[in-house]
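**Student:** This is the structure I want to talk about, given as C-alpha cells.
The values are calculated or read from the model by the stated rules, or taken from the named source; none is laboratory data. This is a predicted model, so every value here is computed, not measured. Here the Cβ positions follow ideal geometry from the backbone for every residue, glycine too, while neighbour counts run over all protein chains shown.
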Amino acid sequence: MSTTLVTGIGELATGDPALGDGSALGLLSDAAVVVDGDHVAWVGPARQAPDADHRRDLGGRAVVPGFVDSHSHLVFAGDRAAEFAARMSGTPYDGGGIATSVAATRAATDEELRGLLAARVAEMRAQGTTTVEVKSGYGLTVEDEARALRLAREVTAETTFLGAHVVPAEYADRREDYVALVTGPMLQACAPHARWVDVFCEPHSTHAFTADEAREVLLAGRAAGLELRVHGNQLGHGPGVQLAVELGAASVDHCTYLSDADVDALAGSAGTTVATLLPGVEFSTRSPWPDARRLLEAGVDVALATDCNPGTCYSSSVPFMLALAVREMGLTPAEALHAATAGSARALRRNDIGRLTVGSRADLTVLHAPSYLHLVYRPGVPLARALDLG
Ligand code: NIG
Ligand code: FE
C-alpha cells in the first residue's frame, strides 16, 4: 500500500480537541496529513511532516472530515416535484405522497434503480459526503424491500430496513397484517442486507405507525440482529423520542416537536441516543425549525443529516444543511460542522469516521476556501468536494 503526503492545508479540522486549537473541531493551520491506503497515518503541522511515496499540495485550501450523512432514502424512482410545489402554496405534508414513490419504485427495473442510486451517491460525494446511510422503504413488499437493501449494500455498509415506512394502500384496513409481514417474512428477507432497522413512528399521520406498532417492529428487528433507529416527532409531539430512548436506539431523527420531557429523556440517555436534525425537511415542508440550541444546552448529542428523499427533502447537500442549522436553528458554524461529522458518526455508532486522526478512515473533504466558516458564509456555493487520492 502506498502513502501520500497531503500538504498545503491552510486549515485542517481534525475533529480531535487534543490536536490544534483545543476546540471540538481540533483546528490546525498550515497542516499536513499522511494517508496510508484507506486510513490516516499521520496528522500535524506541515513543517514536521514525514516523507511519503506521493505528494499532493492543496494550495492553502481548508480540509474537513468527509461529511457523514447518517439519514437518507436514496433508493427510489419517480418524481414528486408537483407535491413540493403544492406544499409551497400551503398544502401540508402528511406522508401520503410516499405511495407515489412506492408505485414508481416497484415499477422500476434493478438497473434503473441501481443507476439512480449511483447518481445520487456521486452527487453527494461531489458535495463532500464520504459516508451515507441508505434506507429501504419505497418497496413495501418482501421482494421490493429486499431488493432495495441489496442495491443499497452495493454502495454503503450503512443500510437500514424501513419496511415500516408507511402502511401501504393494500393494507390500509388491516394494519396488523402489515405489521406481521414487516416483523415476519419481510424482516427475514431483509435482515441479511441491513445493519439497522427503522420505523416512521408518527401518530399524526394515518400512514405511519403508532408507538405500540413501532415497538413491535423495533424489537423484532433487534431479535433479528439489527440495531435501532427511529423517525420520530416530525409532524407533531409524539412518542418517537421516548420510544427511541427506552429501547436504546442509536438515533431518533427529525425531533421537530420536542417537549421538555423529550429533551430530558435524550439528555438522560447520556449519548446512547443521538438527536439527528434534518433541517432540509423543515425547509421543504414549511415546518417550524427544531431548537438545536436547547438540545445542546441540555447536553444532548446532536447530528445533522440531509434525509435526502423525494418527499420531504430532495437535497443531497450537507453544506446546505449546515447553513440552515446556523441561520435558523441556533448553532454556530463550528457546532454545525461537528454535528455533520463527529455527531453523525456517533449516530451511526462509528468512531473511524467523522474525524481526521491517526487510524481513522482517510475521508478528506477539501473546500475551495481558506476556512470551514465559508461552508456557511457562502451558502449555495459548491465549495466542498471529497478528495480522490487514487
Ligand atoms: O424522513 N417521514 C418519513 N419519511 C421520509 C419522507 C418520505 C417521503 O415523503 O417520501 C422522511 O421525511
Ligand atoms: Fe427519513
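**Student:** How about region 188-227: which of its residues are within 16 Å of ligand 1 (Cβ to nearest atom), touching a Phe, Trp or Tyr at 6+ places or on another chain (Cβ under 9 Å) and among the aliphatic types (A, V, I, L, M)?
**Tutor:** Within region 188-227, V197, V199, A208, A214, V217 qualify.
**Student:** Of all residues in region 137-164, which are among the polar types (S, T, N, Q) and away from ligand 2 (no atom under 16 Å from the Cβ)? First the steps, then the outcome.
**Tutor:** Filtering region 137-164 down to residues among the polar types (S, T, N, Q) leaves 141, 156, 159-160.
Listed by number, the list holds a single entry, T141.
**Student:** Considering L235, L247, which residue is touching a residue at least 12 places away in the same chain (Cβ under 8 Å) and over 22 Å from G96 (Cα atoms)?
**Tutor:** Details: L235 fails: over 22 Å from G96 (Cα atoms).
The unique qualifying residue is L247.
**Student:** Of a type in the set (S, T, Y) and touching a Cys at 6+ places or on another chain (Cβ under 9 Å), is that true of T210? Working first, answer last.
**Tutor:** Values: of a type in the set (S, T, Y): yes; touching a Cys at 6+ places or on another chain (Cβ under 9 Å): yes.
Criteria met by T210.
Condition check ((1) closer than 18 Å to N351 by Cα; (2) surrounded by 22 or more Cβ atoms within 10 Å (Cβ to Cβ)) across all residues:
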{"residue": "G10", "(1), (2)": "no, no"}
{"residue": "P17", "(1), (2)": "yes, no"}
{"residue": "L25", "(1), (2)": "yes, yes"}
{"residue": "S29", "(1), (2)": "no, no"}
{"residue": "D38", "(1), (2)": "yes, no"}
{"residue": "W42", "(1), (2)": "yes, no"}
{"residue": "P45", "(1), (2)": "no, no"}
{"residue": "Q48", "(1), (2)": "no, no"}
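**Student:** Sticking with this structure for a sec: Could you tell me which of the residues T183, T159 is in the same structural domain as V132 (by TED's automatic domain parsing) and in contact with a Lys or Arg (Cβ under 8 Å, 6 or more places away or on another chain)?
**Tutor:** Of the residues listed, the single one that is in the same structural domain as V132 (by TED's automatic domain parsing) and in contact with a Lys or Arg (Cβ under 8 Å, 6 or more places away or on another chain) is T159.
**Student:** State all residues of region 362-390 that are hydroxyl-bearing (S, T, Y) and part of a loop (DSSP other than H, G, I, E, B); if no residue qualifies, say none.
**Tutor:** At the first step, the residues of region 362-390 found to be hydroxyl-bearing (S, T, Y) are 365, 371-372, 377.
Hits for region 362-390 are S371, Y372.
**Student:** Among the listed residues A362, A336, A298, which satisfies the condition of being outside the structural domain of L12 (by TED's automatic domain parsing), among the hydrophobic types (A, V, I, L, M, F, W, C) and closer than 21 Å to A386 by Cα? Break it down stepwise before answering.
**Tutor:** Numbers: A362 fails: outside the structural domain of L12 (by TED's automatic domain parsing); A298 fails: closer than 21 Å to A386 by Cα.
From the options A362, A336, A298, the qualifying one is A336.
**Student:** Ok, one more. Which residues, counting only those in region 54-77, are buried (at least 16 other Cβ atoms within 10 Å of the Cβ), more than 16 Å from ligand 2 (Cβ to nearest atom) and not β-branched (V, I, T)?
**Tutor:** To start, the set of residues in region 54-77 that are buried (at least 16 other Cβ atoms within 10 Å of the Cβ) comprises 56, 58, 61-77.
Those still in the list that are more than 16 Å from ligand 2 (Cβ to nearest atom) too: 56, 58, 61-67, 77.
If the condition is that a residue be buried (at least 16 other Cβ atoms within 10 Å of the Cβ), more than 16 Å from ligand 2 (Cβ to nearest atom) and not β-branched (V, I, T), then R56, L58, R61, A62, P65, G66, F67, A77 are the ones that fit.
**Student:** Right, something else. List pairs: first in region 133-149 and within 14 Å of Y171 (Cβ to Cβ) and within 16 Å of ligand 1 (Cβ to nearest atom), second among the acidic types (D, E) and assigned to a helix (DSSP H, G or I), Cβ under 6 Å, 6+ apart or cross-chain?
**Tutor:** As it stands, the answer is G139/E145, since those pairs meet every condition given.
**Student:** Could you say whether any residue in region 204-223 is among the acidic types (D, E), buried (at least 24 other Cβ atoms within 10 Å of the Cβ), under 23 Å from T276 (Cβ atoms) and in contact with a helix residue (DSSP H, G or I) (Cβ under 8 Å, 6 or more places away or on another chain)? Before the answer, list the steps.
**Tutor:** Pass one, region 204-223, residues among the acidic types (D, E): 212-213, 216.
Then keep just the ones that are buried (at least 24 other Cβ atoms within 10 Å of the Cβ); that gives none.
Scanning region 204-223 turns up no residue that is among the acidic types (D, E), buried (at least 24 other Cβ atoms within 10 Å of the Cβ), under 23 Å from T276 (Cβ atoms) and in contact with a helix residue (DSSP H, G or I) (Cβ under 8 Å, 6 or more places away or on another chain).
**Student:** Which pairs turn up if I take residues in region 91-113 that are farther than 11 Å from T312 by Cα and look for partners that are of a type in the set (V, I, T) and more than 9 Å from ligand 1 (Cβ to nearest atom) with beta carbon separation below 8 Å, at least 6 apart in sequence or on another chain?
**Tutor:** Final answer for the pair search is T105/V75; R106/T141; L113/V75; L113/T105.
**Student:** I've got another one for you. Among the numbered conditions (1) outside the structural domain of R195 (by TED's automatic domain parsing); (2) over 26 Å from the mean Cα position of the chain (by Cα); (3) farther than 29 Å from P333 by Cα, tell me where G37 comes up short.
**Tutor:** (2) is the only condition that G37 fails.
**Student:** Can you tell me which residue among G359, G280 is in contact with a strand residue (DSSP E or B) (Cβ under 9 Å, 6 or more places away or on another chain), within 16 Å of ligand 1 (Cβ to nearest atom) and either in a strand (DSSP E or B) or in contact (Cβ under 8 Å) with a residue 24 or more places away in the chain (or both)?
**Tutor:** Details: G359 fails: within 16 Å of ligand 1 (Cβ to nearest atom).
Being in contact with a strand residue (DSSP E or B) (Cβ under 9 Å, 6 or more places away or on another chain), within 16 Å of ligand 1 (Cβ to nearest atom) and either in a strand (DSSP E or B) or in contact (Cβ under 8 Å) with a residue 24 or more places away in the chain (or both) holds for just one of G359, G280, which is G280.
**Student:** Which one of these is at pLDDT below 95 and either in the same structural domain as T100 (by TED's automatic domain parsing) or crowded, with 24+ Cβ neighbours inside 10 Å (or both): A261, A303, A265, A270?
**Tutor:** Being at pLDDT below 95 and either in the same structural domain as T100 (by TED's automatic domain parsing) or crowded, with 24+ Cβ neighbours inside 10 Å (or both) holds for just one of A261, A303, A265, A270, which is A270.
**Student:** Right, something else. Which of the residues spanning region 290-334 are away from ligand 2 (no atom under 16 Å from the Cβ), under 22 Å from V241 (Cβ atoms), without any contact (Cβ under 8 Å) to a residue 40 or more places away in the chain and assigned to a loop (DSSP other than H, G, I, E, B)?
**Tutor:** D291, A298, G299, V300, G330, L331
**Student:** Suppose we filter G248, G236 for residues that are more than 16 Å from ligand 1 (Cβ to nearest atom) and either over 15 Å from K135 (Cβ atoms) or charged (D, E, K, R) (or both); which single one remains? Don't jump to the end; show me each part of the working.
**Tutor:** Working: G236 fails: more than 16 Å from ligand 1 (Cβ to nearest atom).
Answer to the selection: G248.
**Student:** Hey, another quick one. Does region 230-248 include one or more residues that are away from ligand 2 (no atom under 13 Å from the Cβ), over 21 Å from the mean Cα position of the chain (by Cα), over 19 Å from S70 (Cα atoms) and crowded, with 18+ Cβ neighbours inside 10 Å?
**Tutor:** Scanning region 230-248 turns up at least one residue that is away from ligand 2 (no atom under 13 Å from the Cβ), over 21 Å from the mean Cα position of the chain (by Cα), over 19 Å from S70 (Cα atoms) and crowded, with 18+ Cβ neighbours inside 10 Å.
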